[in-house]
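Novice: What follows is a single structure, and I will ask about it in a moment.
Coordinate-derived values only; no laboratory data. Because the structure is a prediction, the values reported are computed rather than measured. Positions of Cβ are backbone-derived with ideal geometry, glycine not excepted, and every protein chain shown enters the neighbour counts.
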Amino acid sequence: MSRQGNKKLILIDPDPEFQQLFRQALDSLGIDVLCYASGEKALDDIMHVKPGCVVSEFITEDMDGRAFFQKILYEKEFAPLHPLPVILFSNEHFRQKHGNDLFDSGLRGWYTKPLGAHAIREIILNIFMISGVIQRNKELKQEVRRSEYRYRDLLENATDFIFTLDKNGNFVFLNNRFSHLSGYVKEDWLGQSFQKLIHPGDRIRIGSHYEMIQQGRARVFESRICHNENEQVYVSFSISPIIDKGTIQGAMGIGRDITEQQKMEQEILELKNFNESIIQSMEAGLLTIDLDGKITSLNTVGEKITGWHEKEITGRFFDTILLPEKMEFSSMTTRFSRLPPYSRETTLTSKSGKRISIGYTVTDRIDNAGKKVGTIISFRDMTELKQMQTELFRMDRLASLGVLASGIAHEIKNPLAGIKTMAQACEEEIDNGDPRREYLVRIGKQVNRLDELLKTFFAYARPKPPDRKLCPLSSILSEVFPLLNKRMTKQQIRYTQKISETLPKVLVDAQQMQQVFLNLIMNAIDAMDKGGEITIDANFISHSRIEPARSEDTRYMEVIVKDTGSGIAEEFIDTIFDPFFTTKSSGLGLGLSIVYRIIEEHHGRIWVESEIGKGTAFFIELPTGANQE
Ligand code: ADP
């Protein structure tokens, strides 16, 4: 028996013998047979008994089998029993008459009497088995319907937009999400093309994706879609072809609304660009390092100051590449130190190897979780400022020294004149042959030397304002060369002058400039005891290399006086222009300070580059007066 739960059967037959036969026939099957002679009575009990099958004689005490079957079939109260298998027994006459009709309505069987026990058992067994199968089918169908409903519900109300397309790319199915996303009624879009849904601005790009899907390849892409109220909606699509028996039948896809995400990405991008533009437009250099001390970024101004490009320098160790001096570098790379921002001064080495003075501020770089992830160093190039400070300081010193020197010189000059006059008077009174005259000659010589010295003092202390005239540089140098030629030959010094004839004239006091070159070349000779080379080079430059124009003159002649001598120690570079600074035993230390002063008076500039053991180069910028011609 396939139906385990319901083994009850109602038999309606007024014939007690048949009832007896029926019971016996089914005895071994374990079926509980309830016998009735009246159809009405059976109907009274049937809802209570809930039989698995009803067998009825066509003629009962009160109603015929047809009426009974129709009541079961059509009366509401018996509906819960459906589908209750009913079979009728009768003679052939009744079956002929009503059979077709009742079978059409679902009568399960109609058998003619007389029936033996074996036949009864077979019939009932079949009925119960078929009922089992029917019941099982019914349950299966219900199960299928339920799961289909579940699946449809899932699909229809999914948070993603789910759709299928036919092979022409037209919508076959769209879930409810479509209407939320696009603002359109989804039924209006059945049969419309997928391409039409894509925002016109993205159609060309998406067209190529769609072609690939039609060639059987799955694609993932992002696109804007059309919206009923023209809202901007971004969707991330994932579409796969539907392939059946090797041919592409269409495609199915999922679309996810990424509008918010896009907006956020856009905002983040805008914020990033905004920050970037602030960083790049800052007047200060900005450098960031991580906790290992490696450089992570450098802005444009920082690139300008250090000479390094951000790309070249990122990932390299800050302290070994820029060689900061006296910087508390270790605290910058300590994870736990939380320094209050502080400002200091230091020097860095640029890409070209030049030391640059910088003023810098250091701040911890903190991430979103409040953890220190690196350090931000903002810095400014102080080289120019430092130079200006040094220069101001020097000019100040020169001026006060000048006043002092001229005062002393003046005081010495008068007694010196007295000594000289007295010596001359004595000389006149002493005979020519007297050996004491020699003393007086010596006194005179020493006085003359002192006098020379005083002249130098005066040249420095009370410079004459330059009498500037346009004159060629070569003619100035041609006056100087003969004075030094002898010494140079003696010390085996080669002299080269690279001055083009076509160079413009310079607007200078020729005599003072002769003094400048004389002093510079003499110093060069002093620096080359063992021979060497002096080169004088001149070029026309349209702008000062050092600083913006100081006067109305904007065009310059750059003259370089270079030697291959001993060079100047780094610690002296800043002091060589100071008066009385000398490293020579018989030096006065005034030569370069006079040079400096003269160049200053000419609105020019002078600076020096030197390397111990290799040589020295003095650079002079002189206004050409070219814009006055
Ligand atoms: P002096 O020549 O009397 O020493 P200067 O003012 O001319 O005074 O020079 C100052 C110092 O600068 C020199 O003593 C020397 O040490 C240094 N100096 C100047 N020119 C050169 C040079 N071309 N090479 C090396 N050292 C130089």
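Novice: With respect to GLU609, determine if the residue is part of a strand (DSSP E or B), within 12 Å of the ligand (Cβ to nearest atom) and either without any contact (Cβ under 8 Å) to a residue 12 or more places away in the chain or exposed (fewer than 15 other Cβ atoms within 10 Å of the Cβ) (or both). Can you show your working first?
Specialist: Working: part of a strand (DSSP E or B): yes; within 12 Å of the ligand (Cβ to nearest atom): yes; either without any contact (Cβ under 8 Å) to a residue 12 or more places away in the chain or exposed (fewer than 15 other Cβ atoms within 10 Å of the Cβ) (or both): yes.
Judged against the criteria, GLU609 is a match.
Novice: Among the listed residues VAL86, VAL133, which satisfies the condition of being of a type in the set (Val, Ile, Thr) and surrounded by fewer than 14 Cβ atoms within 10 Å (Cβ to Cβ)? Before you say what the answer is, go through the steps one by one.
Specialist: Values: VAL86 fails: surrounded by fewer than 14 Cβ atoms within 10 Å (Cβ to Cβ).
Only one candidate passes the filter, namely VAL133.
Novice: List the pairs whose first member sits in segment 409-438 and is over 20 Å from LEU450 (Cα atoms), whose second member is in a helix (DSSP H, G or I), and whose Cβ atoms are under 6 Å apart, counting only residues at least 6 apart or on separate chains?
Specialist: Matching pairs, first to second residue: ILE430/ARG437.
Novice: Please pick out the residue among GLU265, GLU270, GLU312 that is under 19 Å from the mean Cα position of the chain (by Cα) and within 30 Å of LEU385 (Cα to Cα). First the steps, then the outcome.
Specialist: Values: GLU265 fails: within 30 Å of LEU385 (Cα to Cα); GLU270 fails: within 30 Å of LEU385 (Cα to Cα).
From the options GLU265, GLU270, GLU312, the qualifying one is GLU312.
Novice: Across segment 564-593, which residue is farthest from LEU518 (Cα to Cα) among those that are outside any loop (DSSP other than H, G, I, E, B) and near the ligand (Cβ under 8 Å from one of its atoms)?
Specialist: PHE572
Novice: Enumerate the helices (runs of 4 or more DSSP H) found wholly within segment 178-240, keeping only those where 3 or more residues are of a type outside the set (A, V, I, L, M, F, W, C) and loosely packed, with under 14 Cβ neighbours inside 10 Å.
Specialist: Per the criteria, 203-214.
Novice: Can you tell me which residue is surrounded by the most Cβ atoms within 10 Å (Cβ to Cβ) among those in segment 157-168 that are over 18 Å from ASP257 (Cα atoms) and touching a Gly at 6+ places or on another chain (Cβ under 8 Å)?
Specialist: LEU165
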